[in-house]
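**Q** Have a look at the structure that comes next, please.
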Amino acid sequence: MNAAKDLASFFKDEPPGQKTNAVRWLQKKVMAQSLKLPREFPTRQDWEAFRAHLRAELPAVIGIPQFPPLKESLVRARLRVGADALCERVDIYVDEDYAIPAFVFSPYRPPASPMPGLVWNPGWPEDKWKPAYQEFALRMTRHGFVVLVLDHAPFGETSPFAPGDKMRTGMTVTMGTGDLLGISQLALRAAETMRAGEYLRARPDVDASLVAVAGLCQGGQDTSLVAALDERFCAAAPFCSETTFAVHTAEMNSYFAHSDASPYPFGMLKVCDIDHLHAAIAPRPLLVRSNLPDQWWPVSGFDDVETLTRKVYRLYDAEDRVDFRAEVHEHNLTGPFADALEEFLLRELKGT
């Protein structure tokens, strides 16, 4: 045996030890699986056939639970906030054993006609008590909007753990128990978001045709997933969540790891990637903002999401309804993010 030749072969492809790296092996599997997904759609009919397949298959693959029909939801409290807003503490009906805790903000003196609405998805591990989200909701009530901010399990009022333990023990318990039932965490959040939309559309003070959905970080994931599947949301604005799973796992997992697996719904790449979800919102208005400092959403995937989304919107002659941009800002609904969302909602839901 020629030892020098063997050593040269040993060092030829990758550093020693990489072929014992299970993460590397899985990363390559993810990249290969994503590459199998179609991204060229010559006609609208081609795209709509793929979208129909996505909408038919994805809910069962990732485990979106089916809730029973909406019934009356409990309003625990109504209180005046400041001079011109009302906040309702609502338990949104899911079934006889569970309700989704939410704050619903509306004008203290509402107009005579039904108002546009917004479902806001907090990120991980946020909840309805985050001041920036409440402040933005109040900001929109002054424009005549009804804004719902919900708690996603296991955060806020949805689990009996201290705040730090909600991120660790609470998430592990929620995800693990859901996995036994085939319900991935992002799928549960999607079901909660869709039920929040149903609740808003059922309110007499809300125009059911004018309910949008938006969110930040994991809430942005909720937003693109739900808007792709549920056309009852008239517009969508995902913030700080734009990349693909192919780039997310191939790139980010080499330098940074999430504290849990909640952003990764199991089996999703058998059906689509994140860029397909954004494209499936077409031709409804879509506002996308990425935050350059957020290393946990690799910017290398931003172009992929924008490229496919614009291709599909062009099939509908609706590329003017798409707005993609990155900012350098804090990871929050403040500054340029809040300004862009306010402008988007006023333009698309109120025509101003």
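The values are calculated or read from the model by the stated rules, or taken from the named source; none is laboratory data. Predicted model, so just to flag it, every value in this text is computed and none were measured. Backbone-built Cβ (ideal geometry, glycine too); neighbour counts: all protein chains shown.
**Q** For GLY215, all conditions in the list (1) touching a residue at least 24 places away in the same chain (Cβ under 8 Å); (2) closer than 14 Å to ASP127 by Cα; (3) out of contact with any helix residue (DSSP H, G or I) (no Cβ under 6 Å at 6 or more places or on another chain) hold save one; what is the number of the exception?
**A** Unmet for GLY215, out of (1) touching a residue at least 24 places away in the same chain (Cβ under 8 Å); (2) closer than 14 Å to ASP127 by Cα; (3) out of contact with any helix residue (DSSP H, G or I) (no Cβ under 6 Å at 6 or more places or on another chain): (3).
**Q** Something else: Which of the residues belonging to segment 80-98 are more than 18 Å from THR193 (Cβ to Cβ) and among the hydrophobic types (A, V, I, L, M, F, W, C)? Even if it seems obvious, please write down each step before you answer.
**A** Kept after step one, since they are more than 18 Å from THR193 (Cβ to Cβ), are these residues of segment 80-98: 80-89, 96-97.
The answer is VAL81, ALA83, ALA85, LEU86, CYS87.
**Q** Would you please list the contacts, defined by Cβ atoms under 8 Å and residues six or more apart or on different chains, that run from a residue in segment 39-65 that is within 11 Å of VAL271 (Cα to Cα) to a residue that is buried (at least 19 other Cβ atoms within 10 Å of the Cβ) and polar (S, T, N, Q)?
**A** ILE62/SER184
**Q** When residues of segment 231-242 are filtered for being touching a strand residue (DSSP E or B) at 6+ places or on another chain (Cβ under 8 Å) and either assigned to a loop (DSSP other than H, G, I, E, B) or at pLDDT below 95 (or both), how many remain? Let's see the steps before the verdict.
**A** So in segment 231-242, the residues touching a strand residue (DSSP E or B) at 6+ places or on another chain (Cβ under 8 Å) come out as 232-242.
So of that shortlist, the ones also either assigned to a loop (DSSP other than H, G, I, E, B) or at pLDDT below 95 (or both) come out as 232-235, 240-242.
Here the count works out to 7.
**Q** Check SER159 against each of (1) touching a Lys or Arg at 6+ places or on another chain (Cβ under 8 Å); (2) farther than 18 Å from ALA99 by Cβ and name the one condition it does not meet.
**A** (2)
**Q** Just one of (1) among the small types (Gly, Ala, Ser); (2) surrounded by fewer than 20 Cβ atoms within 10 Å (Cβ to Cβ); (3) modelled with pLDDT of 95 or more; (4) under 29 Å from VAL146 (Cα atoms) trips up ALA282, so point out which.
**A** (2)
**Q** OK, next. Of all residues in segment 66-114, how many are surrounded by fewer than 12 Cβ atoms within 10 Å (Cβ to Cβ) and in a loop (DSSP other than H, G, I, E, B)?
**A** Of all residues in segment 66-114, those surrounded by fewer than 12 Cβ atoms within 10 Å (Cβ to Cβ) come to 66, 68-69, 71-72, 74-77, 79-80, 82-83, 95-97, 109, 111-113.
Pick out the ones that are also in a loop (DSSP other than H, G, I, E, B) and you get 66, 68-69, 71-72, 82-83, 96-97, 109, 111-113.
So the answer is 13.
**Q** Got a sec? Which of TRP124, TRP47 is buried (at least 19 other Cβ atoms within 10 Å of the Cβ), in a helix (DSSP H, G or I) and not basic (Lys, Arg)?
**A** Values: TRP124 fails: in a helix (DSSP H, G or I).
Exactly one residue qualifies, and that residue is TRP47.
**Q** Those residues that are more than 9 Å from the chain's Cα centre (by Cα) and not small (Gly, Ala, Ser), I need them from segment 223-241; list them, please.
**A** Listed by number, the residues that qualify are LEU229, ASP230, GLU231, ARG232, PHE233, CYS234, CYS240.
**Q** Give me a count of the residues in segment 195-217 that are more than 21 Å from PHE266 (Cα to Cα) and not in a helix (DSSP H, G or I). Before you say what the answer is, go through the steps one by one.
**A** Our first condition is that a residue be more than 21 Å from PHE266 (Cα to Cα); within segment 195-217, this holds for 195-216.
Those left that are additionally not in a helix (DSSP H, G or I): 203-216.
Matching residues across segment 195-217 total 14.
**Q** Quick check, is ALA212 over 23 Å from ASP179 (Cβ atoms) and either within 15 Å of the chain's Cα centre (by Cα) or of a type in the set (Val, Ile, Thr) (or both)?
**A** Numbers: over 23 Å from ASP179 (Cβ atoms): yes; either within 15 Å of the chain's Cα centre (by Cα) or of a type in the set (Val, Ile, Thr) (or both): yes.
Considered against the rule, which asks whether it is over 23 Å from ASP179 (Cβ atoms) and either within 15 Å of the chain's Cα centre (by Cα) or of a type in the set (Val, Ile, Thr) (or both), ALA212 comes out as yes.
**Q** Any idea which residue in segment 335-346 is farthest from VAL146 (Cα to Cα), counting only those that are surrounded by fewer than 21 Cβ atoms within 10 Å (Cβ to Cβ) and touching a residue at least 24 places away in the same chain (Cβ under 8 Å)?
**A** We begin by selecting, within segment 335-346, every residue surrounded by fewer than 21 Cβ atoms within 10 Å (Cβ to Cβ); these are 335-336, 338-340, 342-344, 346.
Filter once more, so that each one left must be touching a residue at least 24 places away in the same chain (Cβ under 8 Å): 336, 338, 340, 342, 344, 346.
On the way: PRO336: 22, ALA338: 16, ALA340: 18, GLU342: 13, PHE344: 15, LEU346: 13 Å.
Looking at residues that are surrounded by fewer than 21 Cβ atoms within 10 Å (Cβ to Cβ) and touching a residue at least 24 places away in the same chain (Cβ under 8 Å), I get PRO336.
**Q** I'm told ASN332 meets every condition in (1) polar (S, T, N, Q); (2) surrounded by fewer than 20 Cβ atoms within 10 Å (Cβ to Cβ); (3) farther than 25 Å from ARG39 by Cα; (4) at pLDDT 95 or above except one. Can you identify the failing condition by its number?
**A** It is condition (2) that ASN332 fails.
**Q** Take the residues of segment 175-193 that are under 17 Å from ASP127 (Cα atoms) and among the hydrophobic types (A, V, I, L, M, F, W, C): which is surrounded by the fewest Cβ atoms within 10 Å (Cβ to Cβ)? Let's see the steps before the verdict.
**A** Restricting attention to segment 175-193, the residues satisfying the condition of being under 17 Å from ASP127 (Cα atoms) are 185-186, 188-193.
Within this subset, residues satisfying the condition of being among the hydrophobic types (A, V, I, L, M, F, W, C) are 186, 188, 190-191.
Details: LEU186: 24, LEU188: 24, ALA190: 28, ALA191: 21.
Checking each candidate, the answer is ALA191.
**Q** Output the qualifying pairs, or none if there are none: Cβ atoms under 7 angstrom, residues six or more apart or on different chains, first residue in segment 244-267 and touching a residue at least 60 places away in the same chain (Cβ under 8 Å), second residue assigned to a loop (DSSP other than H, G, I, E, B) and acidic (Asp, Glu).
**A** Final answer for the pair search is THR244/ASP273; PHE245/ASP273; ALA246/ASP273.
**Q** Would you check if there is a residue in segment 178-188 being closer than 27 Å to ALA340 by Cβ and touching a residue at least 24 places away in the same chain (Cβ under 8 Å)?
**A** So the first thing to find is which residues in segment 178-188 are closer than 27 Å to ALA340 by Cβ, and the list is 186.
Subset that is touching a residue at least 24 places away in the same chain (Cβ under 8 Å): 186.
Among the residues of segment 178-188, at least one is closer than 27 Å to ALA340 by Cβ and touching a residue at least 24 places away in the same chain (Cβ under 8 Å), which makes the answer yes.
**Q** Of all the residues that make up segment 249-279, how many are modelled with pLDDT under 90 and either under 23 Å from LYS166 (Cα atoms) or assigned to a helix (DSSP H, G or I) (or both)? Talk me through it step by step, then tell me what you get.
**A** Initially, segment 249-279 is screened for residues modelled with pLDDT under 90, giving 249-261.
With either under 23 Å from LYS166 (Cα atoms) or assigned to a helix (DSSP H, G or I) (or both) added as a condition, the list becomes 249-254, 256-261.
Here the count works out to 12.
**Q** Please state which of the following conditions MET171 fails to meet, knowing it meets all the rest: (1) aliphatic (A, V, I, L, M); (2) crowded, with 18+ Cβ neighbours inside 10 Å; (3) at pLDDT 95 or above; (4) closer than 21 Å to HIS331 by Cβ.
**A** Here MET171 meets the rest and fails (3).
**Q** Pick from GLY220, GLY301: which is under 13 Å from the mean Cα position of the chain (by Cα) and part of a helix (DSSP H, G or I)? Steps first, please.
**A** Numbers: GLY301 fails: under 13 Å from the mean Cα position of the chain (by Cα).
Of the residues listed, the single one that is under 13 Å from the mean Cα position of the chain (by Cα) and part of a helix (DSSP H, G or I) is GLY220.
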